[in-house]
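Written below as structure tokens is the structure these notes are about.
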Amino acid sequence: MRMLKQRKLVVEFGQKLVTGGLTTGSGGNLSLLDRKQGLVAITPSGVDYFEITPGQVVLVDLAGEMIDGSGRPSSELAFHLALYAARPEIGAVVHTHSPYATTLACLGWELPPAHYLVGFAGPKVPLAPYHTYGTPELAQAVVEAMQGYNAALLANHGLVAVGDTLSRAFAVAEEIEFAARVYYQAKAVGEPQILSDEQMREVLAKFATYGRQ
């Protein structure tokens with residue numbers, strides 16, 4: 001089976017989306033890119049994460065042409081491919097419907113750096129405007145919002161996170177969900193203290209080597 005290792009990772013991290021509370025049912029999607037082969041392994045559309053097999057994980061090329069897999073590629077394939085085309089350092093994309101990040105997105109809020117872990121995304125988490133899921137308009141909005149950022153909220157929809165590996169992209173999604181929860185809870189009882197640009201520059205400088213062994 002082509003790209004068996006990558007397809008197994010897609011299955012594994014798809015299940016972690018659910019067990020980690022970052023989505024429910026078959027919501028959200030994720031993909032992993034092998035730039036040498038020019039192939040993307042992406043979750044199939046509408047299949048429960050605990051029912052997906054490696055053979056159902058879809059392989060497409062960077063033009064979106066289906067190469068292998070028994071399922072249909074995620075309906076959000078367009079923004080996965082658009083991000084890979086725009087950002088050569090990206091190796092994986094994770095899209096969640098995580099509750100607190102999605103709550104902020106439904107309020108039309110960006111996520112400011114009330115907690116330094118926002119630095120997993122950048123100096124803040126920007127908000128992409130609403131477009132119908134699976135459309136070219138949404139793909140363009142995601143790419144534009146994520147210029148210089150590793151995550152973005154999608155208005156009335158959810159969160160997109162990226163990384164050089166699937167593990168890193170998933171970590172970004174997890175940490176931004178935590179930061180979104182803290183910000184929402186803080187807003188419920190008062191006005192959060194926001195870290196300054198200088199403070200976030202220091203955080204981002206430290207994050208440049210964080211977790212790199």
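Odds and ends about this structure:
- Reach of LYS124 by Cα under 30 Å, taken over lysines that are not fewer than 8 positions away in the same chain: LYS16, LYS187, LYS206
- Cα gyration tensor shape for the stretch 110-161, rounded if a/c is under 1.5, else prolate or oblate: prolate
- Cα coordinate range in the stretch 81-187, projected on the principal axes (Å, largest first): 37, 27, 19
- Once backbone amide H atoms are built at 1.01 Å from N, LEU39 has ASP34 as its partners under 5 Å, excluding neighbours fewer than 5 places away on the same chain.
- Neighbour-limited loop hits for trypsin sites (Lys or Arg not before Pro), the stretch 1-41 (at most 15 other Cβ within 10 Å; DSSP other than H, G, I, E, B): ARG2, ARG35, LYS36
- Considering only alpha-carbon pairs that sit under 8 angstrom and 6 or more positions apart, the relative contact order computed for the chain is 20 percent.
- Cβ-defined net charge surrounding HIS157, 13 Å radius [Lys, Arg +1; Asp, Glu -1]: -2
- Remark: the stretch 158-167, residue by residue, has Karplus-estimated 3J(HN,Hα) of x, 9, 10, 10, 10, x, 6, 10, 5, 4 Hz, where x stands for each Gly or Pro and the curve is 6.51 cos²θ - 1.76 cosθ + 1.60 at θ = phi - 60°.
- Rg and Dmax of the stretch 1-46, both derived from C-alpha coordinates alone, stand at 11.2, 33 Å.
- Residues LYS187 and TYR116, FRET efficiency given R0 of 22 Å [Cβ-Cβ distance, rounded to 0.05]: 0.80
- (i) 1.06; (ii) 1.02; (iii) 0.97, with the label sought being that of the calculated Rg/Rh (Cα atoms, Kirkwood Rh): (iii)
- Phi angles of the stretch 134-140 translate, via the Karplus equation with coefficients 6.51, -1.76, 1.60 and θ = phi - 60°, into HN-Hα couplings of x, 9, x, 5, 5, 4, 5 Hz per residue; Gly and Pro are given as x.
- Amide hydrogen neighbours beyond the local backbone of SER98, cut-off 5 Å, H modeled: LEU159
- Derived scalar couplings ³J(HN,Hα) [the stretch 86-103; Karplus, 6.51 cos²θ - 1.76 cosθ + 1.60; whole Hz; x for Gly, Pro]: 7, 10, x, 7, 7, x, 7, 10, 10, 10, 10, 10, 4, x, 7, 4, 5, 4
- Relative contact order computed over the stretch 13-72 (Cα-Cα under 8 Å; 6+ residues apart), in percent: 26 percent
- Prolate/oblate/rounded label for the stretch 31-148 (Cα gyration tensor, a/c 1.5): prolate
- If you take all other residues with their beta carbon under 15 Å from the beta carbon of ALA114, and give Lys and Arg +1 and Asp and Glu -1, the sum is -2.
- Each part reduced to its alpha carbon centroid, the stretch 1-44 and the stretch 89-139 end up 19 Å apart.
- Prolate/oblate/rounded call for the stretch 40-98, Cα gyration tensor, a/c under 1.5 rounded: oblate
- Sequence-separation-based contact order of the stretch 114-194, relative, with Cα cut under 8 Å and 6+ spacing, percent: 32 percent
- Annotation note: trypsin sites (Lys or Arg not before Pro) in the stretch 131-213 located in DSSP loop regions with a Cβ neighbour count of at most 13 within 10 Å are ARG212.
- Loop-resident chymotrypsin sites (Phe, Trp or Tyr not before Pro) (DSSP state other than H, G, I, E or B) in the stretch 37-116 with no more than 13 further Cβ atoms inside 10 Å of their Cβ: PHE50.
- ALA155 long-range amide H proximity, modeled H, under 5 Å: ALA128, TYR130
Each reported figure results from applying straightforward, stated rules to the coordinates on display, with no laboratory input. All values derive from a computational prediction rather than experimental measurement. Neighbour counts run over all protein chains shown; Cβ positions are idealised from the backbone, glycine included.
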